[in-house]
Amino acid sequence: MTVEEKVAQLESVPPRWMDVEDESEMTVKLQLLDEDGDINEDNARELLSDSIGHLTRMGGGGSLEPETAARVTERVQEIAMEESRFDIAAVPHEECLSGYMGPKGTTYPQGMGIASTWDPDAVEGMSTQIREQLRAIGTHHALSPLFDVARDPRWGRVEETFGEDPYLVARMGSAFVDGLQGDDPEEGISATLKHFAGHAISEGGKNRSTVQIGEREFREVHLFPFEAAVKETDADSVMNAYHDVDGVPCTADEWLLTEVLREEWGFDGNIVSDYFSVRLLKDEHQVAPTYYDAAIQALEAGLDVELPQIKAYQHLPEAVENGDIAEETIDTAVRRVLKQKIEKGLIGDTGVEPDRVEEAFGPEKNRDYARKLARESITLLKNDDDLLPLSGEESVAVLGPKADAPSGQLGDYAYAAHYPEAEVNREIVTPLDALQDRLGDDVEYVEGCTTTGPETDDIESAAAAAEDADVAVAFVGTRSAIALSDDDEGLEQVPDLPTSGEGADVTDLELPGVQQELVEAVNGTDTPLVVVQVSGKPHSIEWIDGHVPAVLHAWLPGEEGGNGIADVLLGEHSPSGRLPISIPKDVGQLPVYYARRPNSRNERHVYVDEDPLYPFGHGLSYTDFEYSDVSLASEEIATTGTVEASVTVENTGDVAGHEVVQVYSHQRWPSQARPVQELRAFERVHLEPGESATISFEISATQLAFHDRDMNLVVEPGEYELRVGSSAADIESTADFEIVGEPRELARSARAYFSETEVE
């Protein structure tokens, strides 16, 4: 291959040019597709004259119906192969954080909602369905899932994550990878672990901002989920993060991308850039004077493919000619890309089977599963006097800006939320739809206010509707979308401004706009009030917790979210979600994640104590569960041993329900300050009234390892406590054990990442 042919394998082409500075630039760019979605074959042959590495979001970015997406992708692949001397097709990729982000793709709950199920098997089932839709349109690579550990809820992308705990993130994310990739590389979708690494802890909770963190915490918290997924799932791809860590942009960090990821962990897949991040070495980080230099920095650090379009890497042939980069460096990256293409069957074949589309898509396709995930993600935070479930005989005032907002049920990487101007061609069930369907004329709806903006004119009407009803349900929260505009003029007047999602970072965790005023006005009536938060982020709702009898968090529940919420409100499903993130009383209280070190966990502010409003793992049910004492097989284990524990849980209530049994460890007198407790295992169990189950856990001593003062990973002998409970704050039973012997330094190959559980 010539240098130009090699570099083409490291580049990408979208259906239409993205992120242009002005219309005049757009007119000179070559477009694969015209505005009608038809291929411009002359442009295609020029853009693909040496084939190409990736095709960027042909279906979703091109806004193509699935049948058209498959047909267009097949033809573009044919052109790429015709233009290549080696019959090489491209790797088409798509986004699928909460389902395929394209027309007619099923939309499931957003990441934080999925994490609230604490059910890895359910996640794998979801991503298996996503794989079927992606393969039907000819896609072979997905830019999901997130492995970011979210401990600052001001960050807009918190909603996309699996929460604050590295173990929970690793388990849920790895299950997502397993479902996407499947067992057969040609049939599977290459999963991308992102954003590598530490993306959720940027300064000020601002997207893409600097991260300042010590190596120990970086490895044990923010790198751990990635390491676990690399080791346990054999993930095909990793995506760099935008930010810098202590001044070194992840895009150009050889220590991170090569020494840690490849040499320490043995990752042998390809690394793709987050969109435009190579360019941002010049434009944002200002560490490269030109795109020529940015390309050299990124490739030499170990970044293989530049997404989403041809930009910096087009200068690599010139860099080779000038002697500024070794051709062998390019060869190494190209081999990784070609390895993936060989495994995917993309040499000599388009990799598209249009006949799959009819079976994979349809108006009812996967809706039952989307509804199951929606209802199982909904978390009951408070339920004084058993106000819930509703009997179904009451008259209900349905209030609030999230009650009848179809795109308001979706996360920022759902097609309808990501492209609000696009025609929504998939039915989205709102809470109002679902409640009217079941309760008919017993429902009166008043919006009351918008999610943001100052208008209060409709609040009085909402309170009047509540006065006339037996019960009021207020649906409040944030609008989620991609918010990357620099225009900050008059934002406080905008009636539906995104305050969650990528680029929608905030300094205030209270309900936006005048929604708090709406809740207080309705609560001032004599009508019992239920507050349902339909929102991707935690909110500081201390007043609501202190005054409103019933509170739920539905997160962003997806296209069947309305039905899922109604299932819970009307008692057709006992709420079973558990918080994957601690909810603060006030933004100034941050951080409140449960696994703080003792001095952080125990110190308080003048007016606010150190406890969160709702703790990690919290979630109520319509039934009650009783725990036995935890039993240990042995109170003493070697540094090479395993903690074997069991506990029996009984449903002592009158209805069936799910309990999420959580196991934490605490080390007494460690050689360095350690988190007060850390999640080591969990199991979701379903129990009928009067039924009990015994849950057994096997936790390797290597899971308790940490990095010593010399940054060696060691298992430390000493006294430990095993804690079993229903949340990080609600421990039902404890047992002491001791690890004996000398400190054991671990090889990476000797480390266990996940516990084994069994339910009897």
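Tabulated values for the structure
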{"read-out": "Within the stretch 414-448, tally of residues that are part of a loop (DSSP other than H, G, I, E, B) and in contact with a Gly (Cβ under 6 Å, 6 or more places away or on another chain)", "value": "3"}
{"read-out": "Residues (open to solvent by 50 Å² or more (accessible area, probe 1.4 Å) and assigned to a strand (DSSP E or B)) located in the stretch 708-722", "value": "719"}
{"read-out": "Within the stretch 528-550, tally of residues that are open to solvent by 10 Å² or more (accessible area, probe 1.4 Å), under 27 Å from residue 202 (Cβ atoms) and not acidic (Asp, Glu)", "value": "1"}
{"read-out": "Evaluation of residue 740 against (1) exposed (fewer than 13 other Cβ atoms within 10 Å of the Cβ); (2) out of contact with any strand residue (DSSP E or B) (no Cβ under 8 Å at 6 or more places or on another chain); (3) among the hydrophobic types (A, V, I, L, M, F, W, C) (one fails), failing number", "value": "(2)"}
{"read-out": "Checklist (1) crowded, with 17+ Cβ neighbours inside 10 Å; (2) within 29 Å of the chain's Cα centre (by Cα) applied to residue 48, failing item", "value": "(2)"}
{"read-out": "Pick from the stretch 306-319, criterion out of contact with any Lys or Arg (no Cβ under 9 Å at 6 or more places or on another chain) and not in a loop (DSSP other than H, G, I, E, B), ranking: surrounded by the most Cβ atoms within 10 Å (Cβ to Cβ)", "value": "313"}
{"read-out": "In the stretch 411-452, the residues that are modelled with pLDDT of 95 or more and touching a Leu at 6+ places or on another chain (Cβ under 6 Å)", "value": "411, 413, 443, 445, 446, 448, 449, 452"}
{"read-out": "Test: residue in the stretch 589-599 that is under 20 Å from the mean Cα position of the chain (by Cα), within 30 Å of residue 461 (Cβ to Cβ) and not charged (D, E, K, R)", "value": "no"}
{"read-out": "Checking residue 351 against (1) at positive phi; (2) open to solvent by 60 Å² or more (accessible area, probe 1.4 Å); (3) within 30 Å of the chain's Cα centre (by Cα), the condition it does not meet", "value": "(2)"}
{"read-out": "Some residue of the stretch 290-305 being in a loop (DSSP other than H, G, I, E, B), at pLDDT 95 or above, more than 26 Å from the chain's Cα centre (by Cα) and more than 21 Å from residue 147 (Cβ to Cβ)", "value": "yes"}
{"read-out": "Residue 655 being closer than 30 Å to residue 429 by Cβ, open to solvent by 30 Å² or more (accessible area, probe 1.4 Å) and at pLDDT 95 or above", "value": "yes"}
{"read-out": "Subset tally (residues that are touching a strand residue (DSSP E or B) at 6+ places or on another chain (Cβ under 9 Å) and among the charged types (D, E, K, R)) for the stretch 150-207", "value": "7"}
{"read-out": "Residue match in the stretch 15-25 (condition: touching a residue at least 12 places away in the same chain (Cβ under 8 Å), touching a helix residue (DSSP H, G or I) at 6+ places or on another chain (Cβ under 9 Å) and open to solvent by 10 Å² or more (accessible area, probe 1.4 Å))", "value": "yes"}
{"read-out": "Residue ID - farthest from residue 74 (Cα to Cα), chosen from residues in the stretch 320-346 that are open to solvent by 50 Å² or more (accessible area, probe 1.4 Å) and in contact with a helix residue (DSSP H, G or I) (Cβ under 7 Å, 6 or more places away or on another chain)", "value": "324"}
{"read-out": "Hits in the stretch 656-668 (condition: among the hydrophobic types (A, V, I, L, M, F, W, C) and in contact with an Asp or Glu (Cβ under 7 Å, 6 or more places away or on another chain))", "value": "656, 661"}
{"read-out": "Count - residues of the stretch 511-527 that are surrounded by fewer than 24 Cβ atoms within 10 Å (Cβ to Cβ) and at pLDDT 95 or above", "value": "9"}
{"read-out": "In the stretch 385-412, the residues that are open to solvent by 20 Å² or more (accessible area, probe 1.4 Å), in a loop (DSSP other than H, G, I, E, B) and not polar (S, T, N, Q)", "value": "387, 389, 392, 393, 394, 404, 405"}
{"read-out": "Residue check for residue 224: in contact (Cβ under 8 Å) with a residue 24 or more places away in the chain and under 22 Å from residue 263 (Cα atoms)", "value": "yes"}
{"read-out": "Verdict on residue 91 being of a type outside the set (Gly, Ala, Ser), at pLDDT 95 or above, more than 22 Å from the chain's Cα centre (by Cα) and under 30 Å from residue 148 (Cβ atoms)", "value": "yes"}
{"read-out": "Condition broken by residue 558, with the remaining ones in (1) open to solvent by 10 Å² or more (accessible area, probe 1.4 Å); (2) closer than 17 Å to residue 500 by Cα; (3) small (Gly, Ala, Ser) satisfied", "value": "(1)"}
{"read-out": "Options 735, 729; residue that is in a loop (DSSP other than H, G, I, E, B) and under 26 Å from residue 593 (Cα atoms)", "value": "729"}
{"read-out": "Boolean, residue 106 is part of a helix (DSSP H, G or I), within 25 Å of residue 424 (Cβ to Cβ) and touching a residue at least 24 places away in the same chain (Cβ under 8 Å)", "value": "no"}
{"read-out": "Some residue of the stretch 112-123 being within 20 Å of residue 418 (Cβ to Cβ), part of a loop (DSSP other than H, G, I, E, B) and either at pLDDT below 95 or open to solvent by less than 10 Å² (accessible area, probe 1.4 Å) (or both)", "value": "no"}
{"read-out": "Test: residue in the stretch 460-469 that is closer than 26 Å to residue 491 by Cα and buried (at least 22 other Cβ atoms within 10 Å of the Cβ)", "value": "yes"}
{"read-out": "Only listed residue being of a type in the set (Lys, Arg), in a helix (DSSP H, G or I) and over 27 Å from residue 112 (Cβ atoms), chosen from 335, 375, 371", "value": "335"}
{"read-out": "Subset of the stretch 193-221 that is of a type outside the set (A, V, I, L, M, F, W, C), touching a helix residue (DSSP H, G or I) at 6+ places or on another chain (Cβ under 7 Å) and open to solvent by less than 30 Å² (accessible area, probe 1.4 Å) - its residue that is nearest to residue 711 (Cα to Cα)", "value": "198"}
{"read-out": "Condition met for residue 187 (over 12 Å from residue 241 (Cα atoms), of a type in the set (Asp, Glu), without any contact (Cβ under 8 Å) to a residue 24 or more places away in the chain and open to solvent by 30 Å² or more (accessible area, probe 1.4 Å))", "value": "no"}
{"read-out": "Residue count for the stretch 320-330, restricted to those that are within 21 Å of residue 240 (Cβ to Cβ) and part of a helix (DSSP H, G or I)", "value": "2"}
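The values are calculated or read from the model by the stated rules, or taken from the named source; none is laboratory data. Predicted, not measured: the structure shown is a model, and the values here were computed from it. Neighbour counts run over all protein chains shown; Cβ positions are idealised from the backbone, glycine included. These accessible areas exclude ligands, DNA and RNA; they are computed on the full protein's heavy atoms, side chains included. Shrake-Rupley method; radii C 1.70, N 1.55, O 1.52, S 1.80 Å.
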